[in-house]
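The values are calculated or read from the model by the stated rules, or taken from the named source; none is laboratory data. Nothing here was measured: the structure is a model prediction, and the numbers come from that model. Every residue, glycine among them, receives a Cβ derived from its backbone with ideal geometry; neighbour counts consider all protein chains shown.
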Amino acid sequence: MYDFLIVGQGIAGTTLAHQLIQKQLKVCVIDNNPSSSSSQIASGLYNPVVLKRMKKVWHADFMLETLLPYYQNIEERIDRMIIDSNQVRRIFNTPEEQNNWHTLVEDPNFKELLAKGIEENNNNTIAAPFALGRVLQSGRIKVKEYLKGSKNYFIEQHAYKEDEILYHEIHAENDSISWKNFHAKHIIFCEGHQARFNPWFSYLPFACTKGEVMTVRSEANIKHPLNGGKFILPLGDDEYKVGATYNWDELNEQTTEEGLNQLKDGWSKISSSTFELKQHSAGIRPNTKDRRPFLGTHPDHPNVHIFNGLGSRGILMAPYLAQCMVNYLLNHDYLHPEMDISRFNED
Ligand SMILES: Cc1cc2nc3c(=O)[nH]c(=O)nc-3n(C[C@H](O)[C@H](O)[C@H](O)COP(=O)(O)OP(=O)(O)OC[C@H]3O[C@@H](n4cnc5c(N)ncnc54)[C@H](O)[C@@H]3O)c2cc1C
């Protein structure tokens, strides 16, 4: 008998599974190994500041506390380097943007997050008319490596099964769950946007968004992740990821001409270098209407749980939220009301 069946091996399911296994729990992760998913195409950036609005991410301080210790521990566990701590630079397009930065740097709330002073732009292919600001405690996790290395690790631990879970094959009793020949005390759905079709959780107000990214080869010689409307992320060997688009209406994983044009424009606004298109992908982010995650237990089924709603910031949020979820499941700790799905329960 397993303690937990986890449905989905995206960023959410992977992070939760690692933390449960670390507590010596018997876990099995079931994933249908899709060719593309939000996690598979994510750029992996973590950034505690919403650069468009110059606001701190919700619960950013807690997230930063758990972020690097967690991923460092995973590097050892899966024996792969997945952390790239090259910090994000924000391009200032106007004097106001630059002034705003100078003001925020003095704000005690941002002191630990924004580097003092500005950086001159030394790359003449980059348009940064009013220089650049550096976001401290930002960087990137190599998501594909994280997921692939973790999958291998789960296989070694006899904690992985490649399969598609069909909802009608799940039998939820009061104190156990069965699916095919698997029996567990609990099931946790970490299905990303596909939870919209889950009969236990489709009532939750998701507001998923489609996103497109492209990978290009260029001699732009960009050294740091750059945010200037769209972002450009150096991958090494003259390759860059450029993202991302947001579309609320067309929820499918097909790439579009319009998306590609937006990405190409985004590149051209930042860099005058030419580029060769290598790859173009689309995925669906599990965003939520109130912009808060979905953690907790089904109101009528005490052993059916959800860990979802990581939206556009799965890499930053997952380690902290998984810690909250584990403490909730194992110690009955309180879940913050803004993350607990009981906020949607009818009285
Ligand atoms: C273009 C784009 C760029 C992004 N860039 C970033 C970024 O730079 N930084 C960042 O932090 N976030 C980024 N994100 C957001 C990030 O991708 C998400 O926050 C994160 O991937 C959500 O992970 P998840 O595990 O909840 O969902 P998913 O990635 O969707 O994973 C769910 C998994 O469950 C599987 N599954 C679902 N149902 C079943 C079933 N019934 N049976 C078996 N398996 C099932 C799916 O196939 C999938 O493997 C980006 C997203 C997009 C689209």
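Within the option set Ala195, Ala244, being within 23 Å of the chain's Cα centre (by Cα) and in the same structural domain as Leu295 (by TED's automatic domain parsing) holds for one residue only, Ala195. Residues that are touching a Cys at 6+ places or on another chain (Cβ under 7 Å) number at least 1 in the following strands (runs of 3 or more DSSP E) confined to the stretch 171-241: 182-189.
For the stretch 183-228, the set of residues classified as closer than 23 Å to Tyr246 by Cα, among the small types (Gly, Ala, Ser) and in contact with a strand residue (DSSP E or B) (Cβ under 8 Å, 6 or more places away or on another chain) consists of Gly192, Ala195, Ala207, Gly211, Gly228, listed by residue number. Filtering the stretch 14-55 to residues that are part of a helix (DSSP H, G or I) and without any contact (Cβ under 8 Å) to a residue 60 or more places away in the chain leaves only Gln22. The set of residues in the stretch 67-80 being within 14 Å of the ligand (Cβ to nearest atom) and either at pLDDT below 95 or not hydrophobic (A, V, I, L, M, F, W, C) (or both) consists of Tyr70, Tyr71.
If only residues of the stretch 151-207 that are touching a Pro at 6+ places or on another chain (Cβ under 6 Å) and touching a residue at least 40 places away in the same chain (Cβ under 8 Å) are counted, the one that is surrounded by the fewest Cβ atoms within 10 Å (Cβ to Cβ) is His193. Considered as a group, the residues in the stretch 280-320 that are assigned to a strand (DSSP E or B) and more than 12 Å from the ligand (Cβ to nearest atom) include one that is surrounded by the most Cβ atoms within 10 Å (Cβ to Cβ), and that residue is His305. Once the stretch 321-347 is narrowed to residues that are in contact with a Pro (Cβ under 9 Å, 6 or more places away or on another chain) and not in a helix (DSSP H, G or I), the residue that is surrounded by the most Cβ atoms within 10 Å (Cβ to Cβ) is Met339.
Can you confirm whether Gly229 is within 22 Å of the chain's Cα centre (by Cα), free of Cβ contacts under 8 Å to residues at least 12 places away in the same chain, at positive phi and away from the ligand (no atom under 11 Å from the Cβ)? For Gly229, the condition - within 22 Å of the chain's Cα centre (by Cα), free of Cβ contacts under 8 Å to residues at least 12 places away in the same chain, at positive phi and away from the ligand (no atom under 11 Å from the Cβ) - is not met.
Of all the numbered requirements in (1) outside any loop (DSSP other than H, G, I, E, B); (2) within 11 Å of the ligand (Cβ to nearest atom); (3) in contact with a Pro (Cβ under 9 Å, 6 or more places away or on another chain); (4) not assigned by TED's automatic domain parsing to the domain that holds His305, Glu253 misses one, and that requirement is (1).
Could you tell me which numbered condition Trp58 fails, if it satisfies all but one of (1) under 17 Å from Pro319 (Cα atoms); (2) in a helix (DSSP H, G or I)? Checking Trp58 against (1) under 17 Å from Pro319 (Cα atoms); (2) in a helix (DSSP H, G or I), the one that fails is (2).
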